[in-house]
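Everything on this sheet refers to the single structure shown next.
Here, each number is a calculation from the coordinates, and none is a lab measurement. Keep in mind that what you see is a predicted model, and the values were worked out from it rather than measured. Neighbour counts are summed over all protein chains in view; Cβ atoms, including those assigned to glycine, are modelled from backbone coordinates with ideal geometry.
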Amino acid sequence: MASKLYSASEKPVLSFEEIDPSLTYSYAHYLTWLFDDRVELIKGQIFKMSPAPAPYHQQISVHLASFLFNFLKGKPCKVYTAPFDVRFPKESKADEDIYTVLQPDICVICDPSKIDNRGCIGAPDIVVEILSPGNNKTELLHKYNVYEEFGVKEYWVLSPAEKTFLKYTLDDGGKYQPSKLFTLSEKVYTDVLPGFALDLDDVFED
């Protein structure tokens, strides 16, 4: 893949059409993009995010985030919702050396040192993705690989269409192990947040 080097003098990009998808981009480039289109970077490749989510998708997100928010009151872990940039540095945390920037629907972060005025730098403890018709399977696979590689302890995937919940948990070897597929009338628990119980009937309530 071609590589595009960051230049401090680089001008802001005002239109998504100015982006060459064949090039490799860093977070430093990302910061110069002033167009309205929401995008993510995965290992330097640009992915255009789906249009604004459907109302039911948003409803599920609000339900889940509110349950997490209420549980986490007074606790060190905090919940954040999209749009919220999560940067995944490999070694250097310099903007020009970061090539993966994602915007999970919801994330839980228990280490306050990872939060700055631009979002999160480093792996959240929990990442939640709520599927939509616009989700690309390749994109989802890339995200799965990123979350596993960088050590996100739990990756939750919710399907509004099927009303299902799947949880991937990082094992001692750094690999994800999937849960059973949960659905309505079931509760989900997490080792990351002892005492938290998620009632899927409440999450998927329409």
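Only Cα pairs under 8 Å and at least 6 apart count here; give the relative contact order of the chain as a rounded whole percent.
15
Convex hull volume of the Cα atoms in segment 45-158, per residue, in Å³?
Per residue, the Cα convex hull of segment 45-158 comes to 108 Å³.
Output wanted: per-residue J couplings in Hz (rounded whole) for segment 148-155, from phi through Karplus 6.51 cos²θ - 1.76 cosθ + 1.60, θ = phi - 60°, x for Gly and Pro.
Once θ is set to phi - 60°, the couplings for segment 148-155 become 5, 4, 8, x, 5, 4, 9, 10 Hz.
Taking Cβ-Cβ under 4.7 Å as the only way to count a partner, pick out the unpartnered cysteines of the chain.
107, 120
So what's the back-of-envelope 222 nm ellipticity for the chain, counting only DSSP H runs of four-plus at -39500 (n - 2.57) apiece and dividing by all residues, rounded to 500?
Value at 222 nm, helices only, nearest 500: -5500 deg cm²/dmol.
By counting other Cβ atoms within 10 Å of each Cβ, how are 166, 68, 14 ranked from fewest to most?
The order, fewest Cβ neighbours first, is 14, 166, 68.
Filter the GluC sites (Glu not before Pro) in segment 116-206 to those in DSSP coil with at most 15 other Cβ atoms within 10 Å of their Cβ, and list the result.
Sparse-neighbourhood loop GluC sites (Glu not before Pro): 162, 186, 205.
Could you give the size of the charge dipole of the chain about its Cα centre, using +1 on the Cβ of each K and R and -1 on the Cβ of each D and E, expressed in debye and rounded to the nearest 20?
The calculation lands at about 260 debye.
Figure the gain on full extension for residue 93 and residue 148 (residue separation times 0.36 nm, minus the Cα-Cα span) and round it to one decimal in nm.
In short, 17.9 nm is gained.
What is the extension gain from residue 187 to residue 199, computed as 0.36 nm multiplied by their sequence separation minus the C-alpha to C-alpha distance, in nm to one decimal?
Result for the pair: 3.9 nm of gain on full extension.
Hey, what D do you get for segment 74-133 in µm²/s if you plug the Kirkwood alpha-carbon radius into Stokes-Einstein at 37 °C and 0.692 mPa s?
273
Please grab the % of Cα pairs in the chain that end up more than 32 Å from each other.
17
Where does the longest stretch of the chain lie that holds no trypsin sites (Lys or Arg not before Pro) found in a DSSP loop with 11 or fewer other Cβ atoms within 10 Å?
The answer is 74-174.
Which percent, nearest 5, of DSSP beta bridges in the chain are antiparallel?
Bridges in the chain that DSSP calls antiparallel: roughly 75 percent.
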